[in-house]
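Let me begin by presenting the structure, written as C-alpha cells, before commenting on it.
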Amino acid sequence: MEFLAHIPVRALWLLTAAGGVVAGAPLFASGLRAFRLRHALAFLTQRPLDADSAGLVLVRGRVSLEGPLFAPLSGKPCAGWTLEVSGDGTRVGGTVHELRPFRLTSGGVTARVVPEQVRWQGGVTSERKVIPTEQLPERLTELLDRSVEVRWLLNRRVPLRLVERALEVGSEVFVTGIARGVATVAMVESVELAATGTDGPQFDYSPSGDGGAADPGGAHPGLWIEAEEPFERVLVTHEPPAIDELVPPAWRLTLLVLGPALTLAGILYLALAAVPLIAGRF
C-alpha cells in the first residue's frame, strides 16, 4: 500500500473524485433497471387479457372510451390523436397530441390504460393541406397554436401539410405495460395517502378518477395498465411490438460495475487526500 502515498493530491483530481462518488449511485441504478428490464422482456410473450394479469404484460384488445374525444381532422371518436404538421417545402414542423385514459377490452375482461408516459404508434387516419388564405375552424387553430414551430410557419404564411393519427374507438391494439389489479392500485394509493400524515375521512377509491362518480364505461375495470419499474412507459401499437427493439443495449449492464467502481475509487482518493489533514491534528 506504500504506492498510495506517492499519488499526488490535486484540486482537479479532488473534484473528479467527488464527482465519481456522486455519479456512482445513479449509474448503478441505471444499470440495475436495464438488467431488470432485460430479464423481464426475456419472458414476455403475447397473452390474452386476464383478470389475474400482473407485472409486465403484452396484451391485445379493443379500445373503448371513458369520455368523449374527437380527432381534429376526421372528427372520429377516439381515445387519443397525434397531429403532425410540416411546412410545404421546408423541414420545419411540429407535433400536437392528446391522449386520455381508455379501456382495453378482450374476452369480457377490461383494463384501464393510464396515459402517463404512453408511447403510441398509430396509422394515418386523415390528411389535409392548408393554404395561407384558408380560414381554419377555431378548434383547429387553437390546436396548431400550441406548437411554437407551427406558429412560426403560420406567421410566415407557409402552406401546411397536416397528418392525423387517431386511436379510434373499436380499433384493435397491442398494449405493453405493467398490469395491476384494482385491489393493488387501491392499496398503493391508500398507503401513499396515509404517508402524508393527513387526518381525514377514509380514502374513497374510484377507478374512474372522479371521486366516486358513476363510471362512464358502466363497470369498473378489473385491471390497470400503467408505466412503472421495470418498464417505465406504456407502449400502444397496432402491430405486435418487436421485443428486440425494447431491450436496453447490453453496454448499460456495464454500469452495474462502473457505478460502484467510480464510487469506491472516489472515496479512496478523498480518503488519501484527507490523511495529511488528519495527521496534522495529532
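The values are calculated or read from the model by the stated rules, or taken from the named source; none is laboratory data. All values derive from a computational prediction rather than experimental measurement. Methodologically, a virtual Cβ is constructed for each residue, glycine included, from the backbone with ideal geometry; neighbour enumeration extends over all protein chains shown.
Step by step: first the residues of segment 232-249, then only those that are farther than 19 Å from residue 48 by Cβ, in contact (Cβ under 8 Å) with a residue 12 or more places away in the chain and of a type in the set (A, V, I, L, M, F, W, C), then the one that is surrounded by the fewest Cβ atoms within 10 Å (Cβ to Cβ). Which residue is that? Residue satisfying both the conditions and the ranking: 247. Tallying residues that are under 17 Å from residue 177 (Cα atoms) and buried (at least 17 other Cβ atoms within 10 Å of the Cβ) within segment 29-39 yields 4. For segment 85-106, the set of residues classified as among the β-branched types (Val, Ile, Thr) and surrounded by fewer than 19 Cβ atoms within 10 Å (Cβ to Cβ) consists of 90, 92, 95, 105, listed by residue number.
When you scan segment 267-275, do you find a residue that is modelled with pLDDT under 65 and either surrounded by 10 or more Cβ atoms within 10 Å (Cβ to Cβ) or within 30 Å of residue 65 (Cα to Cα) (or both), even just one? Quick ask: steps written out before the conclusion?
As a first pass, look at segment 267-275 and keep what is modelled with pLDDT under 65: none.
Looking for residues that are modelled with pLDDT under 65 and either surrounded by 10 or more Cβ atoms within 10 Å (Cβ to Cβ) or within 30 Å of residue 65 (Cα to Cα) (or both), one finds none in segment 267-275, hence no.
Give the residue that is surrounded by the fewest Cβ atoms within 10 Å (Cβ to Cβ), with candidates limited to residues of segment 107-137 that are among the hydroxyl-bearing types (Ser, Thr, Tyr) and part of a strand (DSSP E or B). Don't jump to the end; show me each part of the working.
Residues of segment 107-137 among the hydroxyl-bearing types (Ser, Thr, Tyr): 110, 125-126, 133.
Next, only the ones that are part of a strand (DSSP E or B) stay: 110, 126.
Numbers: 110: 21, 126: 17.
The qualifying residue surrounded by the fewest Cβ atoms within 10 Å (Cβ to Cβ) is 126.
In the set (1) over 30 Å from residue 160 (Cβ atoms); (2) hydrophobic (A, V, I, L, M, F, W, C); (3) assigned to a loop (DSSP other than H, G, I, E, B), residue 73 fails one condition alone, (1).
Taken over segment 151-181, the criterion of being of a type outside the set (S, T, N, Q), outside any strand (DSSP E or B) and closer than 29 Å to residue 239 by Cβ is satisfied by 169, 170.
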